[in-house]
Amino acid sequence: MATIYDIAKKTGYSISTVSKVLNNYSDVGEKAKRIINEAVEELGYYPSSSARTLSTKKSWTIGVVFVEDSGIGIEHPFFNAVIESFKKAAEKEGYDLLFASNKIGTEQRSYLDHFLYRGVDGVVVVCSTMDSPDLDILMESDLPSVVIDLDTRGASVVFSDNIHGSELAVDHLYKLGHRKIAHIAGHKSLYVGVHRLKGYIQAMNKHNLDIPDEYIADGGYFTFESGKKAMEDLLKLEERPTAVYAAGDLMALGAITAIQEQGLSVPNDISVIGFDDIQIARYMTPGLTTIKQDTFLIGKTAAGLLLEQINDKKKHYMSIKIPVTLIERNSCRPIS
């Protein structure tokens, strides 16, 4: 593996000059920069992480933590897509991601303890749980941080417009002629569950539509299984809904399965609309009408906010709401 000494020897410049070019100092001529950078490329030189840390006073590492109750974490298609977008944006600036444990060795420690121990430059928190003591401790620290999927005080946050997304879903079903619209809601401890339910209620009230208590079904932690169970409960109702808005695509897929297992058809018997626009939504039969979250923009925006804090060496407090859009496919139909 090539070293800084190899570059100095090849180019004829001093080790000091080579070091300045590698660390982007401005007091080096353009000719020297060009020759040294060409040698770096030719020799395949990579600076050691230790040397890079010493010269820049950074670890070039960003901590990642999931604070949520479902236990799905990064396996959920939405979180996976957001973190992939965040990762690409961070890697362009030279950062690696470190996924957190709440243990150091065999000892239980807070996420803040873990990140301070690892010496990360900043932290991205993917959080759907509104009450998290561990998150509160992290937010109260001086460590640069950004939170995704939760609007909270004391941090820079990036989240989708969940309330408006629910309104888009109900408005779409209303325009198709549906008046009996049920909702499979996320758990009340989850930020997105609460806000998507709020949007559903607001939209139903706007259209002067009744909301029987039994039309709001508990979808739990946004899983396929919880959506299927909630839909099974809705199918038992004497006054069955003609359309169902599920607060997450995995729950919508579970709902469609429950409907089909009863020998019914989507959308001929019941229309279904989801929220997220996970990748499988476009490939299933019928294709799932849903509210699209812009996972690329969420991840990219969160990375930008965090890197700005790291570079400024202080925390910022910004709240950015990312727009959502209605994606029409074949799981909803007009009724007379």
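Scanning the stretch 182-219 for residues that are more than 30 Å from the chain's Cα centre (by Cα) and assigned to a loop (DSSP other than H, G, I, E, B) returns 207, 208, 209, 210, 211, 212. Once the stretch 1-27 is narrowed to residues that are closer than 20 Å to residue 94 by Cα, in a helix (DSSP H, G or I) and not aliphatic (A, V, I, L, M), the residue that is modelled with the highest pLDDT is 20. Against the condition at pLDDT below 95 and not in a helix (DSSP H, G or I), how does residue 336 come out, does it pass? Yes, satisfied.
If you filter the stretch 161-190 down to residues that are at pLDDT below 95 and touching a helix residue (DSSP H, G or I) at 6+ places or on another chain (Cβ under 8 Å), you find that the one that is surrounded by the fewest Cβ atoms within 10 Å (Cβ to Cβ) is 188. Whether a residue is assigned to a helix (DSSP H, G or I), more than 23 Å from the chain's Cα centre (by Cα) and either more than 21 Å from residue 330 (Cβ to Cβ) or in contact (Cβ under 8 Å) with a residue 24 or more places away in the chain (or both) was assessed, and residue 257 passes this test. Residues of the stretch 200-224 that are over 13 Å from residue 179 (Cα atoms) and aliphatic (A, V, I, L, M): 201, 216, 217. For the stretch 229-245, the candidate set comprises residues that are touching a His at 6+ places or on another chain (Cβ under 9 Å) and open to solvent by less than 10 Å² (accessible area, probe 1.4 Å); within that set, the residue that is nearest to residue 160 (Cα to Cα) is 245.
Check whether at least one residue in the stretch 218-225 is surrounded by 23 or more Cβ atoms within 10 Å (Cβ to Cβ) and either under 18 Å from residue 291 (Cβ atoms) or of a type in the set (Phe, Trp, Tyr) (or both), and report yes or no. So far as the stretch 218-225 goes, yes, one or more of its residues are surrounded by 23 or more Cβ atoms within 10 Å (Cβ to Cβ) and either under 18 Å from residue 291 (Cβ atoms) or of a type in the set (Phe, Trp, Tyr) (or both).
Would you point out which residue out of 287, 248, 304 is surrounded by 21 or more Cβ atoms within 10 Å (Cβ to Cβ) and touching a residue at least 24 places away in the same chain (Cβ under 8 Å)? Residue meeting the stated conditions: 248. Here is the figure for the stretch 191-215: residues that are surrounded by fewer than 19 Cβ atoms within 10 Å (Cβ to Cβ), touching a helix residue (DSSP H, G or I) at 6+ places or on another chain (Cβ under 7 Å) and hydrophobic (A, V, I, L, M, F, W, C) total 1.
Within the stretch 1-34, the residues that satisfy the criterion of being aromatic (Phe, Trp, Tyr) and either in contact with a strand residue (DSSP E or B) (Cβ under 9 Å, 6 or more places away or on another chain) or open to solvent by 70 Å² or more (accessible area, probe 1.4 Å) (or both) are 5, 25. Scanning the stretch 290-301 for residues that are among the β-branched types (Val, Ile, Thr) and open to solvent by 10 Å² or more (accessible area, probe 1.4 Å) yields 295, 301.
Going by the structure shown, is residue 155 open to solvent by less than 20 Å² (accessible area, probe 1.4 Å) and within 19 Å of residue 288 (Cβ to Cβ)? Considered against the rule, which asks whether it is open to solvent by less than 20 Å² (accessible area, probe 1.4 Å) and within 19 Å of residue 288 (Cβ to Cβ), residue 155 comes out as no. Which residue, of 38, 84, is within 27 Å of residue 310 (Cβ to Cβ), modelled with pLDDT of 70 or more and either part of a helix (DSSP H, G or I) or among the aromatic types (Phe, Trp, Tyr) (or both)? Just one listed residue meets the conditions, 84. Filtered by the rule that a residue be open to solvent by less than 30 Å² (accessible area, probe 1.4 Å) and without any contact (Cβ under 8 Å) to a residue 60 or more places away in the chain, the stretch 260-273 gives a lone residue, 270. Taking the criterion of being modelled with pLDDT under 75 and either assigned to a strand (DSSP E or B) or open to solvent by less than 10 Å² (accessible area, probe 1.4 Å) (or both), the only residue of the stretch 115-127 that qualifies is 127. Sort out which residues of the stretch 231-254 are within 21 Å of residue 77 (Cα to Cα) and part of a helix (DSSP H, G or I), and write them in order of number. Hits for the stretch 231-254 are 249, 250, 251, 252, 253, 254.
The values are calculated or read from the model by the stated rules, or taken from the named source; none is laboratory data. All values derive from a computational prediction rather than experimental measurement. Because the Cβ atoms are built from the backbone with ideal geometry, glycine has one as well, and the counts that use them run over all protein chains shown. These accessible areas exclude ligands, DNA and RNA; they are computed on the full protein's heavy atoms, side chains included. Shrake-Rupley method; radii C 1.70, N 1.55, O 1.52, S 1.80 Å.
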